[in-house]
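Engineer: Below are the structure tokens for one structure; questions will follow.
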């Protein structure tokens, strides 16, 4: 099982390859800023399953979330900061290698990124779908590298 560096590197490689392929095939071609943001979601998704342990990956994950959350608050995007904060709390309700390391959690946990803004903030689902898929993909790379699908 790789550590945080392996999970982050694997997510970056597979995420960049998938995004490049989707762009090349004409399925999805985000602007450069959105592409970088999507890659951030891929990496955060890949690190998420191990944030319930005291590790460097946990510190990196929560440091990135703190920076993002503070930036959102400074910019006055309190609703998005609340969604991010809610999602960050999910690992504390599980034990390591428990339900967070399952294929169904890969779809369920990122669903908060997708459903909460639609229900509470009336954001069109089409605007959020790429970010949900990026989070699921990052999560998938974690489980794949942990050999949960073998």
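The values are calculated or read from the model by the stated rules, or taken from the named source; none is laboratory data. Fair warning: this is a prediction, and the values are worked out from it, not measured in the lab. Note that each Cβ is placed from the backbone with ideal geometry, even for glycine, and that neighbours are counted across all protein chains shown.
Engineer: Among all residue pairs at least 6 apart or on different chains, which show Cβ distances below 7 Å where the first residue, located in segment 97-108, is in a helix (DSSP H, G or I) and the second is modelled with pLDDT of 90 or more?
Structural biologist: Partner pairs satisfying both residue conditions: 101/143; 103/143; 106/136; 106/139; 106/140; 106/143; 107/136.
Engineer: Against the definition (assigned to a helix (DSSP H, G or I), within 17 Å of the chain's Cα centre (by Cα), without any contact (Cβ under 8 Å) to a residue 12 or more places away in the chain and more than 28 Å from residue 104 (Cβ to Cβ)), how does residue 66 come out, yes or no? If you could, list the steps in order and put the result at the bottom.
Structural biologist: On the way: assigned to a helix (DSSP H, G or I): yes; within 17 Å of the chain's Cα centre (by Cα): yes; without any contact (Cβ under 8 Å) to a residue 12 or more places away in the chain: yes; more than 28 Å from residue 104 (Cβ to Cβ): yes.
Considered against the rule, which asks whether it is assigned to a helix (DSSP H, G or I), within 17 Å of the chain's Cα centre (by Cα), without any contact (Cβ under 8 Å) to a residue 12 or more places away in the chain and more than 28 Å from residue 104 (Cβ to Cβ), residue 66 comes out as yes.
Engineer: Still on this structure: Kindly establish whether residue 18 is more than 22 Å from residue 69 (Cβ to Cβ) and touching a helix residue (DSSP H, G or I) at 6+ places or on another chain (Cβ under 8 Å). Explain how you work it out, then say what you get.
Structural biologist: On the way: more than 22 Å from residue 69 (Cβ to Cβ): yes; touching a helix residue (DSSP H, G or I) at 6+ places or on another chain (Cβ under 8 Å): yes.
Considered against the rule, which asks whether it is more than 22 Å from residue 69 (Cβ to Cβ) and touching a helix residue (DSSP H, G or I) at 6+ places or on another chain (Cβ under 8 Å), residue 18 comes out as yes.
Engineer: Let me ask something else. In segment 114-139, which residue that is within 15 Å of residue 39 (Cβ to Cβ) and touching a residue at least 40 places away in the same chain (Cβ under 8 Å) is surrounded by the most Cβ atoms within 10 Å (Cβ to Cβ)?
Structural biologist: By that ranking, first place goes to 138.
Engineer: Among (1) without any contact (Cβ under 8 Å) to a residue 60 or more places away in the chain; (2) in contact with a helix residue (DSSP H, G or I) (Cβ under 9 Å, 6 or more places away or on another chain), where does residue 89 come up short?
Structural biologist: With (1) without any contact (Cβ under 8 Å) to a residue 60 or more places away in the chain; (2) in contact with a helix residue (DSSP H, G or I) (Cβ under 9 Å, 6 or more places away or on another chain) applied to residue 89, the lone miss is (2).
Engineer: Give the residue that is nearest to residue 120 (Cα to Cα), with candidates limited to residues of segment 74-83 that are free of Cβ contacts under 8 Å to residues at least 24 places away in the same chain and surrounded by 14 or more Cβ atoms within 10 Å (Cβ to Cβ).
Structural biologist: First, pick out the residues of segment 74-83 that are free of Cβ contacts under 8 Å to residues at least 24 places away in the same chain: 74-78, 81-82.
Applying the additional criterion that residues be surrounded by 14 or more Cβ atoms within 10 Å (Cβ to Cβ) yields 77, 81-82.
Details: 77: 14, 81: 13, 82: 11 Å.
So, considering only residues that are free of Cβ contacts under 8 Å to residues at least 24 places away in the same chain and surrounded by 14 or more Cβ atoms within 10 Å (Cβ to Cβ), the one nearest to residue 120 (Cα to Cα) is 82.
Engineer: For residues that are outside any helix (DSSP H, G or I) and closer than 12 Å to residue 101 by Cα, tally how many sit in segment 39-59.
Structural biologist: Start the filter on segment 39-59 by keeping residues that are outside any helix (DSSP H, G or I), which leaves 51-55.
Next, from what is left, pick out any that are closer than 12 Å to residue 101 by Cα: 51-52.
Within segment 39-59, residues that are outside any helix (DSSP H, G or I) and closer than 12 Å to residue 101 by Cα number 2.
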